[in-house]
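Take a look at the structure below.
The values are calculated or read from the model by the stated rules, or taken from the named source; none is laboratory data. Here the structure is a predicted model, which is why all the values come from computation and not from measurement. Because the Cβ atoms are built from the backbone with ideal geometry, glycine has one as well, and the counts that use them run over all protein chains shown. Remember, those area values only see protein heavy atoms, side chains included, never the ligands or the DNA or RNA. Shrake-Rupley method; radii C 1.70, N 1.55, O 1.52, S 1.80 Å.
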Amino acid sequence: QVQLVESGGGLVQPGGSLRLSCTVSVVSGSSFVINVMGWYRQAPGKQRELVASRTAGGITNYAESVKGRFTVSRDNARRQSSLQMNNLQLEDTAVYYCSADILLISSSDGVTRYWGQGTQVTVSA
């Protein structure tokens, strides 16, 4: 069983900052490889979109709308991804979902994308 646990969401004023964290948990005894960990968001009335991602090797990708404001980081040993969000704006309001592309060695399913439970980020004056 794989679980992604998110934390760090909340209410912030425009221009403020939040840091989201996502930790991957795998049942004891399982062998696995985590490649890409990413962050997606879904705003009211909109489709889910990629915000940022980072590979285990450090390659990053950002949505144009967040470049220069958001930074995604990885701690491979801790199986953790963090999203530092600075200068938050009203349009950043959304539920943010962590993702992890994981290969379970014992699984016949190949690489599977797992999702966190989502954490609400609300930017409001």
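Within segment 1-13, the only residue that satisfies the criterion of being touching a strand residue (DSSP E or B) at 6+ places or on another chain (Cβ under 6 Å), on the phi < 0 side of the Ramachandran plot and assigned to a loop (DSSP other than H, G, I, E, B) is 9.
Report yes if some residue within segment 79-87 is within 20 Å of residue 8 (Cβ to Cβ) and free of Cβ contacts under 8 Å to residues at least 60 places away in the same chain; otherwise report no. Yes - at least one qualifying residue is present in segment 79-87. Of all residues in segment 102-125, those satisfying the criterion of being among the aliphatic types (A, V, I, L, M) and buried (at least 16 other Cβ atoms within 10 Å of the Cβ) are 102, 104, 121, 123. Of everything in segment 43-68 that is open to solvent by less than 40 Å² (accessible area, probe 1.4 Å) and either of a type in the set (A, V, I, L, M) or in a loop (DSSP other than H, G, I, E, B) (or both), the residue that is farthest from residue 27 (Cα to Cα) is 66.
Which ones in segment 18-39 are open to solvent by 40 Å² or more (accessible area, probe 1.4 Å) and either assigned to a strand (DSSP E or B) or closer than 14 Å to residue 96 by Cβ (or both)? Residues satisfying the conditions are 19, 23, 25, 32, 33, 35.
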